Amino acid sequence: MYQGADPSLWVSLFLKTLLFRWYVFFFLFLGFWLLRRQVGMSGAIVRFILSFSGSYLCEWSSSTPGGWFPFGHYTYLPTTVRNELWIGHLPLMDFLSFSFLMVASLGLASLFWRLPVREVFRLPLRRVFPVGVAGVVLFTGIDLVIDPVALRGNRWFLGQIYYYPGGGSYFGVPVANFIGWGVLGLLIVILWRLVGTIFPGETARTGREKDGAIDRWGPVFLWVSVFLFNFSIAVFLGEYRLAVADLLVLGLLFALLWGLRWAWPVNGEKGAGQ
């Protein structure tokens, strides 16, 4: 998108991006910091690079002419190219978001099973499978809150950067988009676990296994902050039906988590599943 541009333009646009998308970078840095506390600097960097790459490929595939996998087809509008960095035909901030949303979702799911996030990456799959499933559900569910608000970006400071040519049944968003989030979420969890398989000894704690309140509640704060940010915008826009739907989604997600937690305990806990 900036072919042949002076390098100073890239620096200027990056600084503009930091200011223009301050909320995305706040969530991004918080998510990276929380993950680094669990798996160390190198483990967090590798996982974020993998999720950035996978997210970009999925976004690129769905938003190119004729593309549809995995989110269904949509089109980006380069309305903010003078205010933020775009990589190809995608805004930088868009495919960065998936990484911190997965940190938040896995962290919240892990809290329900009273596990540190790092255990999701290193314990046998049969023991942490329900936690991974719950993480993907939370990751997909938060988009039910995010995407309808983002689609109305022309009415707040996001800007109208994309649209669905065929429309959609959920406040303008097609169901295929949410299916795509589930597919991408599953891909990210698999890739992040593979990193733990390749580097089974990774830890930021040098043998210290006790987690503090930040490790337990930091991802919850991140997930809830993203929810409240988008919920508040829906209310600000006067989209009260959407705001009510957001609350119903929140209640449904937590009901599903409690049900899954009760039916599928881990770590030798007693429950309906044992």
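The values are calculated or read from the model by the stated rules, or taken from the named source; none is laboratory data. Only a predicted model underlies this, so the values are computations on that prediction, with no experimental measurement involved. Neighbour counts run over all protein chains shown; Cβ positions are idealised from the backbone, glycine included. Remember, those area values only see protein heavy atoms, side chains included, never the ligands or the DNA or RNA. Shrake-Rupley method; radii C 1.70, N 1.55, O 1.52, S 1.80 Å.
Quick notes on this structure:
- Restricting attention to region 61-88 and to residues that are aromatic (Phe, Trp, Tyr) and either without any contact (Cβ under 8 Å) to a residue 24 or more places away in the chain or surrounded by fewer than 16 Cβ atoms within 10 Å (Cβ to Cβ) (or both), the residue that is nearest to residue 188 (Cα to Cα) turns out to be 69.
- For residue 133, the test of being out of contact with any Lys or Arg (no Cβ under 9 Å at 6 or more places or on another chain) and open to solvent by 30 Å² or more (accessible area, probe 1.4 Å) is passed.
- Selected residue (only one of 117, 145, 128 is modelled with pLDDT under 95 and over 18 Å from residue 51 (Cβ atoms)): 128
- If the condition is being crowded, with 18+ Cβ neighbours inside 10 Å and either touching a Ser or Thr at 6+ places or on another chain (Cβ under 7 Å) or within 26 Å of residue 33 (Cβ to Cβ) (or both), then region 221-249 contributes 222, 223, 226, 227, 230, 231, 233.
- Within region 222-254, tally of residues that are among the hydrophobic types (A, V, I, L, M, F, W, C), touching a residue at least 12 places away in the same chain (Cβ under 8 Å), more than 15 Å from residue 170 (Cα to Cα) and in contact with a helix residue (DSSP H, G or I) (Cβ under 7 Å, 6 or more places away or on another chain): 10
A quick yes/no check of all residues on (1) modelled with pLDDT under 95; (2) farther than 15 Å from residue 115 by Cα:
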| position | (1), (2) |
| --- | --- |
| 192 | no, yes |
| 198 | yes, yes |
| 219 | no, no |
| 235 | no, yes |
| 250 | no, yes |
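- Region 143-157 - residue that is buried (at least 23 other Cβ atoms within 10 Å of the Cβ) and of a type in the set (Val, Ile, Thr) and, of those, farthest from residue 260 (Cα to Cα): 149
- Any hit, region 110-121, residues being open to solvent by less than 10 Å² (accessible area, probe 1.4 Å), under 19 Å from the mean Cα position of the chain (by Cα) and under 23 Å from residue 229 (Cβ atoms): yes
- Tally of residues being of a type in the set (A, V, I, L, M) and more than 16 Å from the chain's Cα centre (by Cα) across region 5-44: 9
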